[in-house]
Amino acid sequence: MRIDSDNLKRRLFWIIYHVCFRLYRWFPVFGSLRASLGIIQHEDRLRFLVIQRNDGRGVCLPGGISSRGEAEESAVCREVHEETGLEVSSISLAMKYHSSADVPCNICVFLVKASGELRHSWEGQPQWMTVEELEPHLLESQRPTLELMKKLAAGLPLE
């Protein structure tokens, strides 16, 4: 019997995610974690890059938890590359917020420009979606980004 490596990685991601986040939700021994998210718009300005997660929880923006001592800017560049294969060429801070939806987390959201060839990772499959398509599936912890993405898609100033 041949073991499918990608399928094994997806299953492992699901197990690790659910166990670790559930434990941290109950015992947040390090306090609020730090996370960075990247908003990447397609050239048509109407679609955004999201990751269809392998753990079955829906879609999310590229990004993740910052490593200890890692700057938020570095974290978003690393996560975008790991999850999508794209190389970040520029970033700018768009917003910050706190979420307790999954685990207590302080989140920095960056507007990101990136290039390269999209590829999937063990965490999920990147795909382009409009705000209307992604909204019902976006992780609860990332819902505060929806208004920002709606403004970007409409070409409105960000203030």
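Quick grid of which residues meet (1) surrounded by fewer than 15 Cβ atoms within 10 Å (Cβ to Cβ); (2) over 15 Å from Arg143 (Cα atoms):
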{"site": "Ala71", "(1), (2)": "yes, yes"}
{"site": "Val80", "(1), (2)": "no, yes"}
{"site": "Ala94", "(1), (2)": "no, no"}
{"site": "Ser99", "(1), (2)": "no, no"}
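Of all the residues that make up the stretch 80-103, how many are touching a His at 6+ places or on another chain (Cβ under 9 Å) and of a type outside the set (A, V, I, L, M, F, W, C)? I'd like the intermediate steps shown before the answer.
Within the stretch 80-103, the first condition is being touching a His at 6+ places or on another chain (Cβ under 9 Å), and the residues that meet it are 83-85, 87-88.
Okay, now just the ones that are also of a type outside the set (A, V, I, L, M, F, W, C), so 83-85, 87.
The number of residues fulfilling the criteria is 4.
Taking the condition of a type outside the set (Lys, Arg) and over 14 Å from Ser36 (Cβ atoms), does Ala75 pass? Explain how you work it out, then say what you get.
Details: of a type outside the set (Lys, Arg): yes; over 14 Å from Ser36 (Cβ atoms): no.
Criteria not met by Ala75.
From (1) of a type in the set (Gly, Ala, Ser); (2) surrounded by fewer than 18 Cβ atoms within 10 Å (Cβ to Cβ); (3) within 23 Å of Ile15 (Cβ to Cβ), pick out the condition that doesn't hold for Ser141.
Of everything listed in (1) of a type in the set (Gly, Ala, Ser); (2) surrounded by fewer than 18 Cβ atoms within 10 Å (Cβ to Cβ); (3) within 23 Å of Ile15 (Cβ to Cβ), Ser141 misses just condition (2).
Values quoted throughout were computed directly from the atomic coordinates according to the rules given, and no laboratory measurement underlies them. Note that this is a predicted model, so its numbers are computed, not measured. Glycine also receives a Cβ, built like all others from the backbone with ideal geometry; neighbour counts cover every protein chain displayed.
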